[in-house]
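Here the structure is laid out as structure tokens; the discussion comes afterwards.
The values are calculated or read from the model by the stated rules, or taken from the named source; none is laboratory data. Here the structure is a predicted model, which is why all the values come from computation and not from measurement. Glycine also receives a Cβ, built like all others from the backbone with ideal geometry; neighbour counts cover every protein chain displayed.
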Amino acid sequence: MKFIIAIEPGTETTSFGVEVPDLPGCFSAGDTLDKAVDNAREAIDLWCETVIEDGGDVPTAKTLTEHQADPDFSGWIWAVVEVPVERYFGPSEKLNITLPRLLLAKIDDYARSHGESRSGFLAEAARLAMR
């Protein structure tokens, strides 16, 4: 899954701080920007593992535009990181569904243009519809 992270710039005496606005209480830091991003991936993975194992859900993500409008993040650096947390949802299962050809083509075009697979897109659409 992709996650938006907000990075508070570091200084010569402070580390880069990282917050994951869509995951309450998920934050990290690093002495360099690269280390801060790596540590954010680890924090996201641990946050999701804990919440999912406790029976919770990963919250629906807001858009980058919505997060950037938050004055608490004024002057912060924004990034998107990929963290493979889907493994915590259980093993994948194959299924056979029937969709109109035109709809399937639109799904494939949309997913491809957003760097997703058909299955990933459909799974996320289902999660959003059931919230």
- [ ] Could you look through the range 70-92, keep only residues that are modelled with pLDDT under 90 and among the small types (Gly, Ala, Ser), and pick out the one that is surrounded by the most Cβ atoms within 10 Å (Cβ to Cβ)?
- [x] Ser92
Open item on the list: Checking the structure you have, find out if any residue of the range 20-36 is outside any loop (DSSP other than H, G, I, E, B), touching a strand residue (DSSP E or B) at 6+ places or on another chain (Cβ under 8 Å), exposed (fewer than 13 other Cβ atoms within 10 Å of the Cβ) and hydrophobic (A, V, I, L, M, F, W, C).
Closed with: no
TODO: Name the helices (runs of 4 or more DSSP H) wholly inside the range 42-131 in which the number of residues that are of a type in the set (Lys, Arg) and in contact with a His (Cβ under 9 Å, 6 or more places away or on another chain) is 3 or more.
DONE: none
Task: Residue among Ile7, Ile77, Ile44 that is in contact (Cβ under 8 Å) with a residue 40 or more places away in the chain and closer than 19 Å to Gly120 by Cβ - done: Ile44
Task: Extreme residue, surrounded by the most Cβ atoms within 10 Å (Cβ to Cβ), among residues of the range 53-69 that are among the acidic types (Asp, Glu) and either in the same structural domain as Ala126 (by TED's automatic domain parsing) or at pLDDT 90 or above (or both) - done: Glu66
